[in-house]
Amino acid sequence: MIEILGTFAFAISGVLVALEKRMDVFGVLIIAFVTSVGGGTLRDILIGKTPVTWMENMIYVYTIIAATVFAIIFRKRLNYLRVSLFLFDTIGIGLYTVVGIEKGLYIGLHPIIYIALGTITACFGGVIRDILCNEIPIIFRKEVYATASILGGFTYFLLRKLPIDNNIVFVISGSVVIIVRLIAVKFKISLPSLYKD
């Protein structure tokens with residue numbers, strides 16, 4: 001269920017970017033698709049899971065199509081596209097970070113690797129989206145993006161050491177990602193720049 005919510009959120013963020021670029025319906029659907037499942041596909045390939053998750057379960061495809069139709073129909077109500085994109089993107093990375101971490105846990109990888117898998121799952125759909133839309137990916141700019149995923153991953157790792165229900169660990173860790181990103185944007189916190197402005 002959580003993975004479906006993440007897919008829906010990321011699909012909408014992809015649609016909003018594609019609409020800003022004035023793509024046709026096919027282009028909008030493709031951007032929604034790669035934004036939603038790009039990170040998870042890369043993760044599955046890295047851990048040797050084939051066919052990849054979305055190929056085995058059509059609910060992901062249906063969810064992406066539904067999110068695309070929803071976002072296109074209600075695009076006029078999403079007046080502040082930048083705000084909407086940011087919110088859906090942030091929710092997506094929060095949910096997908098924890099989903100990616102749990103995939104690493106299932107196959108018994110080192111904690112650093114499953115935190116990396118969580119970050120890849122959360123961030124690389126957005127990387128593919130931005131590249132296809134001729135933008136420098138957010139993850140490669142000063143914004144706190146992948147850093148939020150990494151912090152959420154460390155939170156997950158630390159909480160797993162405590163006698164806490166796994167569902168609570170999931171919720172807290174995903175919330176850390178979302179809150180860190182919201183705070184960073186609200187207070188204009190960014191990573192140090194290597195370049196003079």
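Descriptive notes on the structure:
- Charging the Cβ of each Asp and Glu at -1 and of each Lys and Arg at +1, and nothing else, the dipole of the stretch 1-101 about its Cα centre rounds to 360 debye.
- Surface per residue (accessible, 1.4 Å probe) for the chain, Å²: 54
- A helix-only calculation puts the chain at -25000 deg cm²/dmol for mean residue ellipticity at 222 nm, using -39500 (n - 2.57) for each DSSP H run of at least four residues, averaged over all residues.
- Averaging the Cα positions of each part gives two centres, and for the stretch 24-49 and the stretch 141-165 these lie 23 Å apart.
- Carbon/sulfur fraction of accessible area - the stretch 132-195, other protein chains in place, 1.4 Å, %: 68
- Projected label points at ILE131 and TYR106, each 7 Å from Cα along the beta carbon direction, are separated by 2.5 nanometres.
- Annotation: for a label point projected 7 angstrom from Cα along Cα→Cβ of VAL83, residues of the stretch 172-197 with backbone N closer than 15 Å are 186.
- Shape parameters for the chain, alpha-carbon atoms, Rg then Dmax in Å: 16.3, 51
- Per-peptide packing, taken as the mean over residues of other Cβ atoms within 10 Å, places 133-146, 114-127 in the sequence 114-127, 133-146 from highest down.
- Length-normalised contact order for the chain - Cα pairs under 8 Å, 6+ apart - percent: 23
- Accessible surface of the stretch 1-87, 1.4 Å probe: 69 percent of it comes from carbon and sulfur atoms.
- Among LEU162, ALA32, ILE178 the positive-end extreme of the charge dipole of the chain (Cβ point charges): ILE178
- Packing rank of 67-74, 83-90, 19-26, where each peptide gets the mean count of other beta carbons within 10 Å, highest leading: 83-90, 67-74, 19-26
- Distance between modelled label sites at LYS188 and LYS161, nm, 7 Å Cα→Cβ extension: 3.7
- Global geometry of the stretch 93-197, whether rounded, prolate or oblate, following the gyration tensor of its Cα atoms and the 1.5 cut on a/c: prolate
The values are calculated or read from the model by the stated rules, or taken from the named source; none is laboratory data. The model shown is predicted, which means the values in this text are computed figures rather than measured ones. All Cβ positions, glycine included, derive from the backbone under ideal geometry; neighbour counts span all protein chains shown. SASA here: full protein model, heavy atoms, side chains in, ligands and nucleic acids out. Shrake-Rupley method; radii C 1.70, N 1.55, O 1.52, S 1.80 Å.
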